[in-house]
Amino acid sequence: MLDILAQTAPDEMLKGLSAIGAGIGYGAAAIGPGIGIGIVVGNAITAMARQPEAAGMVRTTMFLGIAFTEALALIGFVVFILLKFA
Amino acid sequence: MINLLALDFPPIGHLVEWEGLLFKGTAFEVNKVVILMWAGVLIVGGLFWAAGRKAKTGNLVPVGVQHIAESGIEFVRKDIILQTMGKEGLGWAPFLTTMFFFIFVTNLFEVIPGIQFPVNARMALPIFLAVVVWFIYNIVGIKHQGVGGYLKSVVMPPGVPKGILPLVALIEFISTFVVRPFSLAVRLFANMLAGHLLLVTFAVLSAALFTKTLLAVILPLPFIMLILLTGFEILVAGLQAFIFTILTAVYIGGAMHPEH
């Protein structure tokens, strides 16, 4: 294994490693926001089902919560783009 | 299958960077993105100008452009301002309506055939809008509460125990003055870029499968995905415009009335 690694040019090695890092990094960054958005939307649905007359207010707040939660996943996506292509 | 794997996906530079058309090589280079941005300004301005002219002639029943403009204004007033800022925020309706329509139209260029590029997939426009919002909510906060009062309401949320106040103050300060505009811009930018890349991926796949070989059998799969995703991107364009506008409203409202 080490022999093979030693034979690769440092440039290719760097490219490969940054591609691996980009993939794993984005995957990891998507876990938390995925769970978070699930919790936000799930609770919003519960609230809307309990009180349909408050649905409009709940929906607005839900989108706000999603927007804040989603930011982390999107920063992960930007890091992925930077690692893979920049 | 080998044919599929050898698919050459265009490098990302080709997907988001466009050649300059006018004033090449200067800081004022005009390319497709800039022209689309101007088109967005003209479309939004033209829409409201035409609607306003129609409304002046005494059309009580709104039809056509007047209907679009009136339902847009109604939406911003009812679903964005009254939900987040209350009645005092209604003075911000013109600004927020313009912002909503401008972002929506520039996002919508993503799915219009022949154009197919969302202006907000370049960082320039989102970061500019976010900086404008940053200045506005800070100025509104200082105007309503004074410099000291505004800073105090930002760094000292009510009901925090004294022991961890320094830590909370530092976090709140950074999150209000540094992270907010950054996350506002990145949210819009990354969503539109991701959508653009997604559409490109399935379009390239469909084009590569459009052959006389046996592989053409699976052509419907990426093509149906492409159609579905186009619909999804229209939804995302509206949703991102809505989220940008509502967050702006929340920030301005928060600067107007500190939490008690």
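Derivation of every value follows stated rules applied to the coordinates shown; laboratory data play no part. The model shown is predicted, which means the values in this text are computed figures rather than measured ones. Cβ placement follows ideal geometry from the backbone for every residue including glycine, while neighbour counts extend to all protein chains displayed.
Points worth noting:
- Per-peptide packing, taken as the mean over residues of other Cβ atoms within 10 Å, places B:125-136, B:21-32 in the sequence B:125-136, B:21-32 from highest down.
- Note on the range B:197-258: along the principal axes its Cα atoms extend 66, 15, 11 Å, ordered by decreasing extent.
- Within the range B:29-103, none of the chymotrypsin sites (Phe, Trp or Tyr not before Pro) combine a DSSP coil assignment with at most 15 other C-beta atoms in a 10 angstrom radius.
- Cα gyration tensor category, rounded, prolate or oblate, for the range B:145-217 with a/c compared to 1.5: prolate
- Among the DSSP helices (H) of chain B, those spanning at least 30 angstrom by Cα along their long axis with an average Kyte-Doolittle hydropathy of -0.5 or more are B:32-56, B:124-155, B:180-209, B:220-256; this is a geometric and hydropathy rule only.
- Residues B:L214 and B:F128, FRET efficiency given R0 of 45 Å [Cβ-Cβ distance, rounded to 0.05]: 0.35
- With each label modelled as a point 7 angstrom along the Cα→C-beta vector, the B:K143-B:F232 pair spans 4.2 nm.
- Model label points for B:L198 and A:F68, set 7 angstrom from Cα along the Cα-to-Cβ axis, are 2.4 nm apart.
- Shape call, the protein assembly as shown: gyration tensor on alpha carbons, a/c limit 1.5: oblate
- Listed by chain and number, the lysines whose alpha-carbon sits under 29 Å from that of A:K15, ignoring those within fewer than 8 places in the same chain, are A:K84.
- Neighbouring Cβ atoms from other chains, within 10 Å of the Cβ of residues in A:71-77, number 5 on average.
- Given charges at Cβ of Lys, Arg, Asp, Glu: the range B:4-256 dipole, positive-most of B:W18, B:P220, B:V236: B:V236
- Using the Cβ-Cβ distance between B:E70 and B:F182 with R0 set to 41 Å, the FRET efficiency works out to roughly 0.75.
- Distance histogram in 10 Å bins (all Cα pairs of the range B:35-113, percent per bin): 18, 43, 34, 6, 0
- Evaluated over the range B:4-256, the count of Lys pairs having alpha-carbon atoms less than 21 Å apart is 5 (only pairs 8 or more residues apart or interchain).
- Label-point separation, B:I136 to B:L60 (7 Å along Cα→Cβ), nm: 3.5
- In the frame of its principal axes, the range B:4-256 has Cα extents of 71, 58, 41 Å, reported largest first.
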